[in-house]
Amino acid sequence: MCACAWRLHVFTAALVLAAHLIKVLSCGEAGAGPRLTKRYVGLYTGPYFDPSAPNNITTQLGTHAYLPCKVRQLSNKSVSWIRRRDAHILTVDRFTFIADERFQAFLVEATDTWTLQVKYVQARDAGVYECQVGTEPKMSHFVQLNVVVPKIEIVGESELYVKAGTTVSLKCVITQALEEPAYIFWYHNDERVLNYDKSLVEIRMERVAPDTTVGNLIIYSPRREDSGNYSCSPSNLDSASVMLHVLSGEQPAAMQHGNGARGASPRRALLAAAALPALPALPALPALPALLPALPPAAPHVRPQLVLHRLLLLLALALLCPVLCHDEDDGK
């Protein structure tokens, strides 16, 4: 009986000691009261980065990027985001320390994630960003931001020549795009093209591949006034343009090529002729029947060169006349 009682006392003492140790680990030393700093038991006794958080983010030009930083057991420590290329502090907790309003940080409490948001990403935003926790020493987690720049072009030559009344189809192809554009706007000489009347103009957009979108502008029965610059402008991307020439009637062969020489139009020839200075009027010449050979009347089909030659001959004789008269007077 004594041995059993002794064992019972030892077991009871062990339970009391275990309870005391648990209290000390969770609340601090006995009699010291609860502490403000929370104690953690396990592998990490303070803040640590969740290793499952991604450290490589790829986004498309013009969209929004979200850089995550999962910090467990953060307690009352602060979290900062720093741009590595220039060591610029972007945010500290929810406060922003850069004039660029595209940067903002917010906390997703359900996942203990401090996320850096970059709105309307630009190509220069690519690089490494540091998530820093205000411990001693500092703790850092790095995230690489990659920016994909889609390629946009209008299929065909930069200048397009079509006959009036011939249907025109302009194709705007966007490749290397992670996201499909919300819209593709078409502009004619900086004025937006609207497809209210589908018998005149039709606009289409189609996702033909995981990274390719095609926008199509169809102009039915184009007229001369439909000539000009046409550009396609997808959402959050640059634009591409083409010059359309709508020709009426037959045109010189050189007009069929965008880079070829163009023949002078009749209107230009008339303007050039009008710009020439007028010739002064010649004084009346005395009759010289003895000096002038008999000239037949000009036929309707006489060439302009022959008329010019005759005028020059008359001018030469007019200049020669005073010389002959002077010689006659000297002989007398």
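The values are calculated or read from the model by the stated rules, or taken from the named source; none is laboratory data. Keep in mind that what you see is a predicted model, and the values were worked out from it rather than measured. So basically every Cβ, Gly included, is an ideal-geometry build from the backbone, and we count neighbours across all protein chains shown.
Looking at Tyr129, is it out of contact with any Asp or Glu (no Cβ under 8 Å at 6 or more places or on another chain), over 30 Å from Ser227 (Cα atoms) and either touching a residue at least 24 places away in the same chain (Cβ under 8 Å) or hydroxyl-bearing (Ser, Thr, Tyr) (or both)? Considered against the rule, which asks whether it is out of contact with any Asp or Glu (no Cβ under 8 Å at 6 or more places or on another chain), over 30 Å from Ser227 (Cα atoms) and either touching a residue at least 24 places away in the same chain (Cβ under 8 Å) or hydroxyl-bearing (Ser, Thr, Tyr) (or both), Tyr129 comes out as yes.
Considered as a group, the residues in the stretch 48-75 that are out of contact with any strand residue (DSSP E or B) (no Cβ under 8 Å at 6 or more places or on another chain) and touching a residue at least 24 places away in the same chain (Cβ under 8 Å) include one that is farthest from His141 (Cα to Cα), and that residue is Gly62.
Restricting the first member to the stretch 157-171 and to residues that are surrounded by 12 or more Cβ atoms within 10 Å (Cβ to Cβ), and the second to residues that are among the small types (Gly, Ala, Ser) and outside any strand (DSSP E or B), the beta-carbon pairs closer than 6 Å and six or more apart or on different chains are Glu157/Gly258; Glu159/Gly258; Ala164/Ser248. When the residues of the stretch 122-132 are filtered to those that are aliphatic (A, V, I, L, M) and at pLDDT 95 or above, the one that is surrounded by the fewest Cβ atoms within 10 Å (Cβ to Cβ) is Val128. Take the conditions (1) in contact (Cβ under 8 Å) with a residue 12 or more places away in the chain; (2) outside any strand (DSSP E or B); Tyr196 misses just one of them, which is (1).
Residue-by-condition table, conditions (1) under 20 Å from Lys138 (Cα atoms); (2) not in a strand (DSSP E or B):
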residue	(1), (2)
Ser80	yes, no
Asp86	yes, yes
Ile89	yes, no
Asp100	no, yes
Phe106	no, no
Trp114	yes, no
Gln117	no, no
Tyr120	no, yes
Arg124	no, yes
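Residue count for the stretch 48-69 under the criterion of being part of a strand (DSSP E or B) and either more than 20 Å from Gln122 (Cβ to Cβ) or hydrophobic (A, V, I, L, M, F, W, C) (or both): the result is 7. Taken over the stretch 137-169, the criterion of being small (Gly, Ala, Ser), part of a strand (DSSP E or B) and within 31 Å of the chain's Cα centre (by Cα) is satisfied by Ser169 alone.
Given the structure, is Leu145 out of contact with any Lys or Arg (no Cβ under 7 Å at 6 or more places or on another chain), under 30 Å from Asp50 (Cα atoms) and surrounded by 14 or more Cβ atoms within 10 Å (Cβ to Cβ)? Answer is yes for this residue. The number of residues in the stretch 202-241 that are crowded, with 19+ Cβ neighbours inside 10 Å and not hydroxyl-bearing (Ser, Thr, Tyr) comes to 8.
In the stretch 64-84, the condition of being in the same structural domain as Gln117 (by TED's automatic domain parsing), buried (at least 17 other Cβ atoms within 10 Å of the Cβ), at positive phi and at pLDDT below 95 is met by no residue.
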